[in-house]
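A.B. asks: Can you read through this structure? Questions will come right after.
The values are calculated or read from the model by the stated rules, or taken from the named source; none is laboratory data. Predicted, not measured: the structure shown is a model, and the values here were computed from it. A quick note on method: Cβ atoms are made from the backbone with ideal geometry, for glycine too, and the neighbour counts reach across all protein chains shown. Areas reflect the complete protein model, heavy atoms only, side chains present, ligands, DNA and RNA absent. Shrake-Rupley method; radii C 1.70, N 1.55, O 1.52, S 1.80 Å.
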Amino acid sequence: MKYSIALITIILLACSLQAFAQDNTPVEMADTLRRDGKIYTVVAGLVVILTGFVVFLIRVDRKLHKMEEEAKQN
Amino acid sequence: MTRYRLAWWKVLTLILLYYTAIGGFLLPVPRLHILNESIRLNYFHVPMWFSMMFQFAYSVWYSIRYLRSSAIEDDDHAFVATQVGFLFGVLGLITGSLWANATWGTFWTTDPKLNNTAIGLMIYAAYFVLRGGLQDETQRARLSAVYNIFAFSIFIPLIYILPRMTDSLHPGSGDNPTFRLFDTAHNMKLVIYTSIIAFIMTGWWFKTILFRLRTLTRLHHEI
(Lines give C-alpha, C1' and ligand atoms only; values in the text may rest on other atoms or scores of the structure.)
Protein backbone atom coordinates (compact mmCIF):
# COMPACT_ATOMS: atom_id res chain seq x y z
CA MET A 1 0.00 0.00 0.00
CA LYS A 2 2.92 2.35 0.65
CA TYR A 3 4.17 2.25 -2.92
CA SER A 4 0.76 2.05 -4.62
CA ILE A 5 1.18 5.43 -6.35
CA ALA A 6 4.60 4.46 -7.69
CA LEU A 7 3.18 1.11 -8.86
CA ILE A 8 0.23 2.74 -10.65
CA THR A 9 2.59 5.23 -12.32
CA ILE A 10 4.86 2.47 -13.61
CA ILE A 11 1.91 0.45 -14.92
CA LEU A 12 0.46 3.48 -16.73
CA LEU A 13 3.85 4.35 -18.19
CA ALA A 14 4.20 0.79 -19.44
CA CYS A 15 0.81 1.08 -21.16
CA SER A 16 2.15 4.00 -23.19
CA LEU A 17 4.46 1.63 -25.08
CA GLN A 18 1.40 0.62 -27.12
CA ALA A 19 1.28 4.13 -28.55
CA PHE A 20 4.36 3.79 -30.78
CA ALA A 21 2.83 4.54 -34.19
CA GLN A 22 5.81 5.34 -36.44
CA ASP A 23 7.01 2.31 -38.34
CA ASN A 24 10.56 1.83 -39.46
CA THR A 25 9.83 0.51 -42.95
CA PRO A 26 12.00 2.42 -45.41
CA VAL A 27 10.30 4.94 -47.69
CA GLU A 28 10.61 4.13 -51.37
CA MET A 29 11.99 7.00 -53.33
CA ALA A 30 13.53 7.24 -56.78
CA ASP A 31 16.86 5.97 -55.47
CA THR A 32 17.20 3.50 -58.35
CA LEU A 33 16.83 6.31 -60.84
CA ARG A 34 19.51 8.22 -58.99
CA ARG A 35 21.85 5.27 -58.67
CA ASP A 36 21.63 4.57 -62.39
CA GLY A 37 22.22 8.23 -63.14
CA LYS A 38 18.87 8.35 -64.96
CA ILE A 39 17.71 11.24 -62.85
CA TYR A 40 20.01 13.43 -64.91
CA THR A 41 18.20 12.30 -68.06
CA VAL A 42 14.93 13.39 -66.46
CA VAL A 43 16.38 16.77 -65.57
CA ALA A 44 17.92 17.13 -69.05
CA GLY A 45 14.56 16.47 -70.66
CA LEU A 46 12.89 19.08 -68.48
CA VAL A 47 15.62 21.60 -69.24
CA VAL A 48 15.08 21.01 -72.97
CA ILE A 49 11.35 21.65 -72.66
CA LEU A 50 11.91 24.69 -70.47
CA THR A 51 14.46 26.09 -72.93
CA GLY A 52 11.91 25.62 -75.71
CA PHE A 53 9.41 27.74 -73.81
CA VAL A 54 12.04 30.34 -72.98
CA VAL A 55 13.17 30.66 -76.59
CA PHE A 56 9.55 31.17 -77.66
CA LEU A 57 9.08 33.77 -74.93
CA ILE A 58 12.18 35.72 -75.91
CA ARG A 59 11.26 35.63 -79.59
CA VAL A 60 7.82 37.08 -78.83
CA ASP A 61 9.50 39.72 -76.68
CA ARG A 62 11.85 40.70 -79.51
CA LYS A 63 9.02 40.92 -82.05
CA LEU A 64 7.03 43.16 -79.75
CA HIS A 65 10.07 45.35 -79.19
CA LYS A 66 10.52 45.68 -82.95
CA MET A 67 6.88 46.62 -83.45
CA GLU A 68 7.03 49.16 -80.64
CA GLU A 69 10.10 50.77 -82.19
CA GLU A 70 8.32 51.01 -85.54
CA ALA A 71 5.24 52.48 -83.89
CA LYS A 72 7.39 55.08 -82.14
CA GLN A 73 8.97 56.13 -85.41
CA ASN A 74 5.61 56.66 -87.12
CA MET B 1 16.30 52.41 -83.04
CA THR B 2 17.36 51.01 -79.66
CA ARG B 3 18.83 47.53 -79.71
CA TYR B 4 16.88 44.77 -78.04
CA ARG B 5 18.24 44.04 -74.58
CA LEU B 6 16.78 41.45 -72.23
CA ALA B 7 15.76 43.35 -69.10
CA TRP B 8 17.48 42.46 -65.84
CA TRP B 9 14.36 41.09 -64.23
CA LYS B 10 13.75 38.82 -67.23
CA VAL B 11 17.24 37.39 -66.91
CA LEU B 12 16.63 36.90 -63.20
CA THR B 13 13.33 35.16 -63.96
CA LEU B 14 15.10 32.73 -66.26
CA ILE B 15 17.84 32.01 -63.72
CA LEU B 16 15.29 31.34 -60.99
CA LEU B 17 13.16 29.18 -63.32
CA TYR B 18 16.10 27.00 -64.27
CA TYR B 19 17.16 26.76 -60.64
CA THR B 20 13.66 25.59 -59.76
CA ALA B 21 13.54 23.02 -62.55
CA ILE B 22 16.99 21.59 -61.88
CA GLY B 23 17.13 21.94 -58.11
CA GLY B 24 13.56 20.77 -57.79
CA PHE B 25 14.57 17.36 -59.08
CA LEU B 26 18.15 16.99 -57.93
CA LEU B 27 18.12 18.46 -54.42
CA PRO B 28 17.07 16.16 -51.56
CA VAL B 29 13.55 16.09 -50.19
CA PRO B 30 12.03 14.54 -47.07
CA ARG B 31 11.33 10.85 -47.39
CA LEU B 32 7.66 10.46 -46.58
CA HIS B 33 5.29 7.57 -47.04
CA ILE B 34 2.50 7.91 -49.61
CA LEU B 35 4.05 11.11 -51.03
CA ASN B 36 7.42 9.57 -52.02
CA GLU B 37 8.92 11.64 -54.84
CA SER B 38 5.65 13.40 -55.70
CA ILE B 39 6.43 15.83 -52.90
CA ARG B 40 8.50 17.63 -55.53
CA LEU B 41 5.24 18.72 -57.14
CA ASN B 42 5.01 21.10 -54.21
CA TYR B 43 7.65 23.20 -55.96
CA PHE B 44 5.29 23.70 -58.89
CA HIS B 45 1.72 23.34 -57.67
CA VAL B 46 1.95 25.95 -54.88
CA PRO B 47 3.75 28.65 -56.94
CA MET B 48 0.95 28.42 -59.53
CA TRP B 49 -1.47 29.68 -56.89
CA PHE B 50 0.85 32.40 -55.69
CA SER B 51 1.23 33.64 -59.24
CA MET B 52 -2.51 33.47 -59.81
CA MET B 53 -3.27 35.45 -56.65
CA PHE B 54 -0.68 38.06 -57.55
CA GLN B 55 -2.24 38.52 -60.99
CA PHE B 56 -5.83 38.62 -59.69
CA ALA B 57 -4.91 41.14 -57.00
CA TYR B 58 -3.13 43.28 -59.59
CA SER B 59 -6.14 42.94 -61.85
CA VAL B 60 -8.70 44.03 -59.26
CA TRP B 61 -6.46 46.95 -58.32
CA TYR B 62 -6.48 48.13 -61.91
CA SER B 63 -10.21 47.52 -62.22
CA ILE B 64 -10.72 49.90 -59.31
CA ARG B 65 -8.31 52.35 -60.94
CA TYR B 66 -10.25 52.16 -64.18
CA LEU B 67 -13.51 53.00 -62.46
CA ARG B 68 -11.85 56.12 -61.09
CA SER B 69 -9.81 57.18 -64.12
CA SER B 70 -11.84 55.89 -67.11
CA ALA B 71 -8.49 55.48 -68.89
CA ILE B 72 -8.71 52.46 -71.18
CA GLU B 73 -5.10 51.47 -70.33
CA ASP B 74 -6.20 50.59 -66.81
CA ASP B 75 -8.81 48.28 -68.23
CA ASP B 76 -6.17 46.73 -70.49
CA HIS B 77 -3.97 46.07 -67.46
CA ALA B 78 -6.85 44.49 -65.58
CA PHE B 79 -7.91 42.32 -68.50
CA VAL B 80 -4.51 40.86 -69.35
CA ALA B 81 -3.70 40.28 -65.69
CA THR B 82 -6.95 38.33 -65.34
CA GLN B 83 -6.00 36.28 -68.38
CA VAL B 84 -2.62 35.34 -66.91
CA GLY B 85 -4.14 34.70 -63.50
CA PHE B 86 -6.73 32.39 -65.02
CA LEU B 87 -4.02 30.49 -66.88
CA PHE B 88 -2.06 29.92 -63.69
CA GLY B 89 -5.23 28.91 -61.87
CA VAL B 90 -5.96 26.26 -64.45
CA LEU B 91 -2.35 25.05 -64.31
CA GLY B 92 -2.66 24.86 -60.54
CA LEU B 93 -5.80 22.75 -60.83
CA ILE B 94 -4.13 20.41 -63.32
CA THR B 95 -0.95 19.96 -61.26
CA GLY B 96 -3.06 19.45 -58.16
CA SER B 97 -5.21 16.90 -59.92
CA LEU B 98 -2.17 14.92 -61.04
CA TRP B 99 -0.76 15.07 -57.53
CA ALA B 100 -4.08 13.93 -56.08
CA ASN B 101 -4.10 10.93 -58.36
CA ALA B 102 -0.59 10.00 -57.24
CA THR B 103 -1.32 10.27 -53.52
CA TRP B 104 -5.07 9.97 -52.95
CA GLY B 105 -5.84 7.64 -55.84
CA THR B 106 -8.32 9.95 -57.55
CA PHE B 107 -8.10 13.01 -59.77
CA TRP B 108 -10.73 14.91 -57.77
CA THR B 109 -12.42 14.69 -54.39
CA THR B 110 -15.36 16.45 -52.79
CA ASP B 111 -13.08 18.71 -50.86
CA PRO B 112 -13.92 22.31 -49.92
CA LYS B 113 -10.67 23.78 -51.18
CA LEU B 114 -10.79 21.91 -54.50
CA ASN B 115 -14.43 22.65 -55.19
CA ASN B 116 -14.20 26.27 -54.10
CA THR B 117 -11.17 26.86 -56.31
CA ALA B 118 -13.00 25.38 -59.28
CA ILE B 119 -16.03 27.55 -58.53
CA GLY B 120 -13.82 30.63 -58.14
CA LEU B 121 -12.15 30.00 -61.47
CA MET B 122 -15.53 29.55 -63.11
CA ILE B 123 -16.52 32.93 -61.73
CA TYR B 124 -13.47 34.37 -63.47
CA ALA B 125 -14.34 32.47 -66.64
CA ALA B 126 -17.66 34.29 -66.56
CA TYR B 127 -15.65 37.54 -66.51
CA PHE B 128 -14.31 36.66 -69.96
CA VAL B 129 -17.77 35.66 -71.17
CA LEU B 130 -19.10 38.99 -69.94
CA ARG B 131 -16.42 40.90 -71.81
CA GLY B 132 -17.09 38.93 -74.96
CA GLY B 133 -20.75 39.77 -74.83
CA LEU B 134 -20.35 43.54 -74.70
CA GLN B 135 -19.57 45.51 -77.83
CA ASP B 136 -19.12 49.07 -76.67
CA GLU B 137 -15.60 49.51 -75.32
CA THR B 138 -16.43 51.84 -72.44
CA GLN B 139 -19.40 49.80 -71.34
CA ARG B 140 -17.37 46.62 -71.53
CA ALA B 141 -14.56 48.10 -69.48
CA ARG B 142 -16.87 49.50 -66.83
CA LEU B 143 -19.07 46.45 -66.38
CA SER B 144 -16.17 44.03 -66.35
CA ALA B 145 -14.34 46.22 -63.82
CA VAL B 146 -17.32 46.02 -61.47
CA TYR B 147 -17.64 42.30 -62.05
CA ASN B 148 -13.94 41.82 -61.37
CA ILE B 149 -14.29 43.49 -57.98
CA PHE B 150 -17.15 41.18 -57.05
CA ALA B 151 -15.28 38.16 -58.37
CA PHE B 152 -12.20 38.92 -56.30
CA SER B 153 -14.24 39.71 -53.21
CA ILE B 154 -15.94 36.34 -53.33
CA PHE B 155 -12.76 34.52 -54.33
CA ILE B 156 -10.89 35.35 -51.13
CA PRO B 157 -13.35 33.79 -48.66
CA LEU B 158 -13.98 30.90 -51.04
CA ILE B 159 -10.42 29.66 -51.17
CA TYR B 160 -8.77 31.06 -48.07
CA ILE B 161 -11.34 31.29 -45.33
CA LEU B 162 -13.90 28.53 -45.90
CA PRO B 163 -11.51 25.63 -46.54
CA ARG B 164 -9.49 26.38 -43.42
CA MET B 165 -12.51 26.13 -41.19
CA THR B 166 -12.96 22.44 -41.84
CA ASP B 167 -10.78 19.34 -41.89
CA SER B 168 -9.47 17.99 -45.15
CA LEU B 169 -6.77 15.84 -46.70
CA HIS B 170 -5.54 18.88 -48.55
CA PRO B 171 -2.86 20.76 -46.59
CA GLY B 172 -4.00 24.08 -45.21
CA SER B 173 -7.19 23.02 -43.42
CA GLY B 174 -8.42 22.65 -39.89
CA ASP B 175 -7.26 26.14 -38.92
CA ASN B 176 -3.69 25.54 -40.07
CA PRO B 177 -2.46 27.45 -43.13
CA THR B 178 0.77 25.35 -43.22
CA PHE B 179 2.80 28.36 -44.20
CA ARG B 180 4.47 29.12 -40.92
CA LEU B 181 8.28 29.05 -40.82
CA PHE B 182 8.48 25.53 -39.41
CA ASP B 183 5.83 23.95 -41.61
CA THR B 184 8.15 23.49 -44.58
CA ALA B 185 11.02 21.02 -44.30
CA HIS B 186 14.40 22.70 -44.24
CA ASN B 187 15.70 21.05 -47.40
CA MET B 188 12.53 22.01 -49.22
CA LYS B 189 12.96 25.63 -48.25
CA LEU B 190 15.94 25.69 -50.63
CA VAL B 191 13.65 25.50 -53.64
CA ILE B 192 10.11 26.48 -52.67
CA TYR B 193 10.75 30.16 -51.97
CA THR B 194 12.78 30.58 -55.16
CA SER B 195 10.12 28.76 -57.11
CA ILE B 196 7.36 31.03 -55.85
CA ILE B 197 9.33 34.11 -56.85
CA ALA B 198 10.27 32.55 -60.22
CA PHE B 199 6.69 31.81 -61.17
CA ILE B 200 5.35 35.14 -59.97
CA MET B 201 7.94 36.84 -62.16
CA THR B 202 7.14 34.53 -65.09
CA GLY B 203 3.47 35.41 -64.74
CA TRP B 204 4.44 39.06 -64.68
CA TRP B 205 6.47 38.60 -67.88
CA PHE B 206 3.49 36.93 -69.59
CA LYS B 207 1.30 39.82 -68.45
CA THR B 208 3.66 42.48 -69.83
CA ILE B 209 3.83 40.68 -73.17
CA LEU B 210 0.04 40.44 -73.43
CA PHE B 211 -0.31 44.08 -72.44
CA ARG B 212 2.22 45.28 -75.00
CA LEU B 213 0.48 43.21 -77.67
CA ARG B 214 -2.90 44.68 -76.71
CA THR B 215 -1.56 48.24 -76.77
CA LEU B 216 0.07 47.73 -80.16
CA THR B 217 -3.13 46.23 -81.56
CA ARG B 218 -5.09 49.18 -80.24
CA LEU B 219 -2.62 51.60 -81.87
CA HIS B 220 -2.79 49.63 -85.09
CA HIS B 221 -6.59 49.86 -85.16
CA GLU B 222 -6.57 53.56 -84.48
CA ILE B 223 -4.39 54.26 -87.52
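A.B. asks: Compute the FRET efficiency between A:PHE20 and B:LEU130 as 1/(1 + (r/R0)^6), taking r as their Cβ-Cβ distance and R0 = 45 Å, and round to the nearest 0.05.
C.D. replies: That pair, A:PHE20 with B:LEU130, gives E of 0.20.
A.B. asks: When only Cα pairs under 8 Å and 6 or more residues apart are kept, what is the percent relative contact order across the stretch B:15-222?
C.D. replies: After rounding, I find 32 percent.
A.B. asks: Using a 1.4 Å probe on protein heavy atoms, which residues of the stretch A:55-74 have at least 40 Å² less accessible area in the complex than alone?
C.D. replies: A:LEU57, A:ILE58, A:ASP61, A:ARG62, A:LEU64, A:HIS65, A:GLU68, A:GLU69
A.B. asks: Rounded to a whole number, what % of the accessible area of the stretch B:120-223 do carbon and sulfur atoms account for, probe 1.4 Å?
C.D. replies: 69 percent
A.B. asks: For B:PHE107 paired with A:LEU46, estimate the spin-label separation in nm (one decimal), with each label point 7 Å from Cα along the Cα-to-Cβ line.
C.D. replies: Those two pseudo-labels are separated by 2.3 nm.
A.B. asks: How much of B:TYR193 can a 1.4 Å solvent probe reach, expressed as accessible area in Å² and rounded to 10?
C.D. replies: Only protein atoms counted, so the area is about 90 Å².
A.B. asks: Moving on to the next point. Using the alpha-carbon centroid of each, what span in Å lies between the stretch B:1-45 and the stretch B:64-88?
C.D. replies: Centre-to-centre (Cα) distance: 28 Å.
A.B. asks: Over 22 Å between Cα atoms: which of B:LYS10/B:LYS207; B:LYS113/B:LYS207; A:LYS38/B:LYS189; B:LYS113/B:LYS189; A:LYS66/B:LYS10 fall into that group?
C.D. replies: Long pairs (Cα-Cα over 22 Å): B:LYS113/B:LYS207; A:LYS38/B:LYS189; B:LYS113/B:LYS189.
A.B. asks: Give the angle, between 0 and 90 degrees and rounded to the nearest 10, that separates the Cα long axis of helix A:4-15 from the longest principal axis of the Cα atoms of chain A.
C.D. replies: The helix A:4-15 is inclined about 40 degrees to chain A.
A.B. asks: Next up: Provide the per-residue ³J(HN,Hα) series for the stretch B:162-170, in order, calculated from phi with Karplus coefficients 6.51, -1.76, 1.60 and θ = phi - 60°, each as a whole number of Hz, with x at glycine and proline positions.
C.D. replies: Values, residue by residue: 4, x, 7, 7, 10, 8, 6, 5, 6 Hz.
A.B. asks: Here's something else I'd like to know. For chain A, which chymotrypsin sites (Phe, Trp or Tyr not before Pro) pass both filters: DSSP loop (anything but H, G, I, E, B) and at most 15 other C-beta atoms within 10 Å?
C.D. replies: A:TYR3, A:PHE20
A.B. asks: Turning to a different aspect of this structure: Within the stretch A:3-74, which GluC sites (Glu not before Pro) sit in a loop by DSSP and count at most 11 neighbouring Cβ atoms inside 10 Å?
C.D. replies: A:GLU28
A.B. asks: P(r) for the stretch B:1-59: what percent of alpha-carbon pairs falls in each 10 Å bin, starting at zero?
C.D. replies: P(r) over the stretch B:1-59, rounded to whole percents: 18, 34, 30, 14, 4, 1.
A.B. asks: So what is the 222 nm mean residue ellipticity for the protein assembly as shown from helices alone, if each DSSP H run of at least 4 adds -39500 (n - 2.57) and you divide by all residues, rounding to the nearest 500 deg cm²/dmol?
C.D. replies: -25000 deg cm²/dmol
A.B. asks: Select from the stretch B:7-41 all residues whose loss of accessible area on going from the chain by itself to the full protein assembly reaches 20 Å² or more (probe 1.4 Å).
C.D. replies: Those residues are B:LEU14, B:LEU17, B:TYR18, B:ALA21, B:ILE22, B:PHE25, B:LEU26, B:ARG31, B:HIS33, B:ASN36, B:GLU37.
A.B. asks: Related question: Counting other Cβ atoms within 10 Å, which trypsin sites (Lys or Arg not before Pro) in the stretch B:1-76 have at most 16 and lie in a DSSP loop?
C.D. replies: Answer in residue order: B:ARG3, B:ARG5, B:ARG31.
A.B. asks: Pulled fully out, how much extra length does the chain show between B:ILE149 and B:LEU26, if you take 0.36 nm times their separation in residues and subtract their Cα-Cα distance?
C.D. replies: 40.1 nm
A.B. asks: How big is the A/B interface in buried accessible area, both sides summed, 1.4 Å probe, to the nearest 100 Å²?
C.D. replies: Using a 1.4 Å probe on protein heavy atoms, the buried area is about 2800 Å².
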